[in-house]
Amino acid sequence: MRKRLYNKVNREVLLEELKKDTTPRTTISFYKYAKIGNPSVFRDHFFILLDEIGTLGRIYVSYEGVNAQVSVPTHHVITFREKLNEITFLENCRLNYAIEDNGKSFFKLAIKVRNKIVADGLDDKSFDVTNIGTHVKADEFNALSKDPETIIVDMRNHYESEVGHFINAITPEVATFREELPIVEEMLSDKKDKKLLLYCTGGIRCEKASAYFKHKGFKEVYQLEGGIIEYARQVKDKGLENRFIGKNFVFDERLGERISGDVIARCHQCGGPSDDHVNCANDACHLLFIQCKSCAEKYQHCCSDECKDFNSLPNEEKDKLRGTLVFNGTRFGKGRSKFKQPLLDSSREI
Ligand SMILES: [Zn+2]
Ligand SMILES: [Zn+2]
């Protein structure tokens with residue numbers, strides 16, 4: 001019998017299973033740009049390899065490489081590393097370990113073949129994607145970020161930088177990475193002689209962005225190696241100054257890792273201090289937004305009264321109405337704060 005290469009059980013059942021499972025798990029992310037001749041064949045091979053040791057997570061495979069966020073049973077982390085090392089282009093690739101990990105980051109394994117491992121909207125043939133910016137480590141990042149000639153740019157989206165970012169960083173008001181590249185280029189068009197210091201969650205977006213900005217004439221381009229995740233690890237291990245405030249948004253069930261104690265965002269419903277991202281409890285809405293504990297209670301984990309009322313209906317009523325109602329978010333909706341960016345302590349150099 002052919003081995004099953006996909007998960008077919010639905011989300012709720014898997015989530016329940018994960019909640020009950022007490023196996024300690026480690027959340028790891030990694031990426032590698034590499035030429036993969038047949039992504040579909042590689043995908044099936046990779047699935048078997050990782051499924052054998054109970055790996056969960058979301059992985060994209062394409063002709064240009066692999067981008068992975070996974071959760072591995074902690075007792076299999078060494079085997080996991082060995083399995084990756086058996087694959088030539090993944091040998092000794094950097095693994096980013098989660099900073100704040102409850103082991104509940106993923107509830108299934110999904111490996112998808114895509115055109116690209118990051119949706120950047122770029123035509124890779126139009127510029128040299130290998131001419132990337134200089135990688136910097138946490139201490140070099142700190143030094144550069146204090147240089148008045150440096151412009152720090154957050155290469156993530158508005159809902160990510162809303163809960164946490166580097167001191168003095170430009171945080172563009174964008175919903176996608178694709179949208180961000182031309183906006184940043186335009187915004188800094190007269191500053192191409194400055195030092196451009198880029199960062200993102202795990203480093204992957206900056207690999208392409210740094211090459212793109214160099215192609216567009218920026219003279220000195222730097223990128224934070226391993227992104228915020230690796231920065232936070234180095235800060236902790238080496239006792240360095242931490243220049244990242246708030247939470248690092250992550251694309252898994254945890255939705256964020258706390259890096260500093262500062263809460264820099266506000267609840268989208270009452271405006272009170274909160275940096276807890278949640279998805280609206282109404283599955284027909286599923287809006288991603290920030291909700292404080294008291295609003296979570298008041299709205300029963302929904303984004304609005306409308307969603308709360310809908311959610312309290314019997315299932316058959318819901319099924320009848322589903323599709324006829326429009327809610328705040330679609331399945332992939334991202335909420336925007338109606339409140340001004342949080343008022344930070346004026347002594348902070350932001
Ligand atoms: Zn609130
Ligand atoms: Zn909603």
Return only the number of the condition from (1) touching a residue at least 12 places away in the same chain (Cβ under 8 Å); (2) among the acidic types (Asp, Glu); (3) more than 16 Å from ligand 1 (Cβ to nearest atom) that residue 316 does not satisfy. (1)
Checklist (1) more than 16 Å from ligand 1 (Cβ to nearest atom); (2) of a type outside the set (D, E, K, R); (3) in contact with a Gly (Cβ under 8 Å, 6 or more places away or on another chain) applied to residue 255, failing item: (3)
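Does segment 294-305 contain at least one residue that is among the basic types (Lys, Arg) and either touching an Asp or Glu at 6+ places or on another chain (Cβ under 9 Å) or within 13 Å of ligand 2 (Cβ to nearest atom) (or both)?
No, segment 294-305 has no match at all.
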Segment 219-243, residues that are buried (at least 21 other Cβ atoms within 10 Å of the Cβ), more than 18 Å from residue 157 (Cα to Cα) and either assigned by TED's automatic domain parsing to the domain that holds residue 32 or not charged (D, E, K, R) (or both): 221, 222, 231, 232, 235
Could you say whether any residue in segment 259-280 is within 15 Å of ligand 1 (Cβ to nearest atom), under 21 Å from residue 14 (Cα atoms) and part of a loop (DSSP other than H, G, I, E, B)? yes
Output the number of the condition that residue 272 fails; it satisfies all remaining conditions of (1) touching a Ser or Thr at 6+ places or on another chain (Cβ under 8 Å); (2) within 16 Å of ligand 2 (Cβ to nearest atom). (2)
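Among the candidates 136, 129, 118, 184, which residue alone is outside the structural domain of residue 227 (by TED's automatic domain parsing) and in contact with a strand residue (DSSP E or B) (Cβ under 9 Å, 6 or more places away or on another chain)? Working first, answer last.
Numbers: 136 fails: outside the structural domain of residue 227 (by TED's automatic domain parsing); 129 fails: outside the structural domain of residue 227 (by TED's automatic domain parsing); 184 fails: outside the structural domain of residue 227 (by TED's automatic domain parsing).
Just one listed residue meets the conditions, 118.
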Say whether the condition of being over 19 Å from residue 255 (Cβ atoms), within 28 Å of the chain's Cα centre (by Cα) and more than 10 Å from ligand 1 (Cβ to nearest atom) is met by at least one residue in segment 282-297. yes
Please give the strands (runs of 3 or more DSSP E) falling wholly within segment 1-116 in which 1 or more residues are of a type in the set (S, T, N, Q). 25-33, 56-62, 65-73
Please specify each residue of segment 282-296 satisfying the condition of being in a loop (DSSP other than H, G, I, E, B) and modelled with pLDDT of 95 or more. 291, 292
For the condition farther than 28 Å from residue 33 by Cα and more than 16 Å from ligand 2 (Cβ to nearest atom), what is the one hit in 205, 254, 266, 178? 266
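Answer yes if at least one residue in segment 60-71 is loosely packed, with under 12 Cβ neighbours inside 10 Å and out of contact with any strand residue (DSSP E or B) (no Cβ under 8 Å at 6 or more places or on another chain), and no otherwise.
Checked segment 60-71: no residue is loosely packed, with under 12 Cβ neighbours inside 10 Å and out of contact with any strand residue (DSSP E or B) (no Cβ under 8 Å at 6 or more places or on another chain).
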Name, by its number, the condition in (1) more than 14 Å from ligand 2 (Cβ to nearest atom); (2) over 12 Å from residue 284 (Cβ atoms); (3) assigned to a loop (DSSP other than H, G, I, E, B); (4) modelled with pLDDT of 60 or more that does not hold for residue 332. (1)
Selection over segment 31-68 where residues are within 22 Å of the chain's Cα centre (by Cα), under 30 Å from residue 281 (Cα atoms) and not charged (D, E, K, R) yields a count of 7
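The values are calculated or read from the model by the stated rules, or taken from the named source; none is laboratory data. Keep in mind the model is a prediction, meaning the values are calculated, not measured. Ideal geometry is used to build each Cβ from the backbone, glycine not excepted, and the neighbour counts take in all protein chains shown.
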